[in-house]
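Visitor: What follows is a structure written as structure tokens; I'll ask about it next.
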């Protein structure tokens, strides 16, 4: 059965404060940096 194509977008995460300090956060939660917040807003558009 043919239908409309499905587009899947995979986004891991935006830039975090730890990323900017060159720290590996692993599975720990860390805050998005100002850049990461802008990336998330832009992705939503």
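Each value in this text was obtained by applying a stated rule to the coordinates, not by laboratory testing. What you are looking at is a predicted structure, and each value in this text was computed from that prediction instead of being measured. Please note: Cβ atoms are built from the backbone with ideal geometry, for glycine as well, and neighbour counts cover all protein chains shown.
Visitor: Name the pairs whose Cβ atoms lie under 6 Å apart, with the first residue in region 20-35 and free of Cβ contacts under 8 Å to residues at least 40 places away in the same chain, the second surrounded by 13 or more Cβ atoms within 10 Å (Cβ to Cβ) and assigned to a loop (DSSP other than H, G, I, E, B), and 6 or more positions between them or separate chains?
Guide: Sorted first by the residue in region 20-35, then by its partner, the pairs are 20/33; 32/14; 33/15; 35/15.
Visitor: Is at least one residue of region 4-16 surrounded by 10 or more Cβ atoms within 10 Å (Cβ to Cβ), outside any loop (DSSP other than H, G, I, E, B) and more than 10 Å from the chain's Cα centre (by Cα)?
Guide: Scanning region 4-16, I find no residue that is surrounded by 10 or more Cβ atoms within 10 Å (Cβ to Cβ), outside any loop (DSSP other than H, G, I, E, B) and more than 10 Å from the chain's Cα centre (by Cα), so the answer is no.
Visitor: Name the single residue that is surrounded by the most Cβ atoms within 10 Å (Cβ to Cβ) among those in region 17-43 being outside any loop (DSSP other than H, G, I, E, B) and touching a strand residue (DSSP E or B) at 6+ places or on another chain (Cβ under 7 Å). Give the steps one after another, and end with the answer.
Guide: Step one: list which residues in region 17-43 are outside any loop (DSSP other than H, G, I, E, B), which gives 17-20, 32, 34-43.
Within this subset, residues satisfying the condition of being touching a strand residue (DSSP E or B) at 6+ places or on another chain (Cβ under 7 Å) are 32, 36, 40.
Details: 32: 16, 36: 18, 40: 14.
Once the filter is applied, the top-ranked residue is 36.
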